[in-house]
Amino acid sequence: MLDPVRSRSFAFILGSPRGGGNTETLARYAAEGLPPDATDSWLSLSELTLPPSPAGPLLNSAEKVLLDATLDSSDIVVASPLHWYSVSAATKLYLDYWARWSGLPDLGFREQMRGKNLWAVTAYARGDETDTQPLTGMFRRTAEYLGMEWCGALLARAHREGDLEADQAALARAVAFFGGDR
């Protein structure tokens, strides 16, 4: 767990192929409940061009932006819509880069990730929360593997634009998600 006296910084990594969708909206509602002294940054994976295979020379500009945001934050919030019971393709590619960074001996990625908080935010269009178990299980296991604190997932069912805003219970859960007790 991170030092509670230290100010927290939240990196919101948006994995939707389009901006302004239900998952991003849910994450923005959740950000309203961040601790007052916390900082936040927002990166959209659809706006950053990562090579489809994490290999080759270290750090193109998009990779460097993502690596810096990942390492410089105390809390990483991955906001991905549910796609085929898991994360979006862009989010999966971002996590593939975590594996790449873990293998770079001079970076010490795993050591730097230890103790950070990992959160997930997702909107799903059909089914129920049990359909999100592969997604949440992947994040939980990733956190365990890296010695991070798995802080949970904010889930909401929303198919069309406006569905989320009509779900007052989901919005209340969103604003309370970061709770201040971590």
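Probe of 1.4 angstrom, ligands and nucleic acids ignored: what's the accessible area per residue over region 1-138, in square angstrom?
47
Ellipticity at 222 nm from helices only: DSSP H runs of n ≥ 4 in the chain, each -39500 (n - 2.57), divided by the residue count, give -10500 deg cm²/dmol. How many angstrom lie between the C-alpha centres of region 35-100 and region 141-166? First find each Cα centre; the distance between them is then 15 Å.
Restriction of the trypsin sites (Lys or Arg not before Pro) in region 84-135 to DSSP coil positions whose beta-carbon has at most 14 other beta-carbons within 10 angstrom yields ARG114, ARG126.
Given the chain, what percent of its DSSP beta bridges are antiparallel, to the nearest 5? Of all bridge pairs located within the chain, approximately 5 percent are antiparallel. Computed over neighbours whose Cβ is under 12 Å from that of VAL65, the net charge equals -3, Lys and Arg +1, Asp and Glu -1.
Heavy-atom accessible area for GLU32, with the other protein chains in place and a 1.4 Å probe, reaches approximately 130 Å². Solvent exposure of VAL65, expressed as accessible area, is near 60 Å², computed with a probe of 1.4 Å over the protein chains only. Heavy atoms only, probe 1.4 Å: what % of the accessible area of region 68-107 goes to carbon and sulfur, would you let me know? Answer for region 68-107: carbon and sulfur cover 58 percent of the accessible area.
When the Cα atoms of region 92-182 are aligned to their principal axes, the ranges along those axes come out at 49, 29, 21 Å in descending order.
Can you send over the carbon and sulfur percentage of the accessible area for region 110-182, probe radius 1.4 Å, protein chains only?
Within region 110-182, the accessible surface is 44 percent carbon and sulfur.
With contacts taken as Cα pairs under 8 Å and at least 6 residues apart, the chain reaches a relative contact order of 30 percent.
The values are calculated or read from the model by the stated rules, or taken from the named source; none is laboratory data. All values reported here derive from a predicted model rather than from experimental measurement. No Cβ is skipped: glycine too gets one built from the backbone with ideal geometry, and neighbour counts run over all protein chains shown. Note: areas computed on protein heavy atoms with side chains; ligands, DNA, RNA excluded. Shrake-Rupley method; radii C 1.70, N 1.55, O 1.52, S 1.80 Å.
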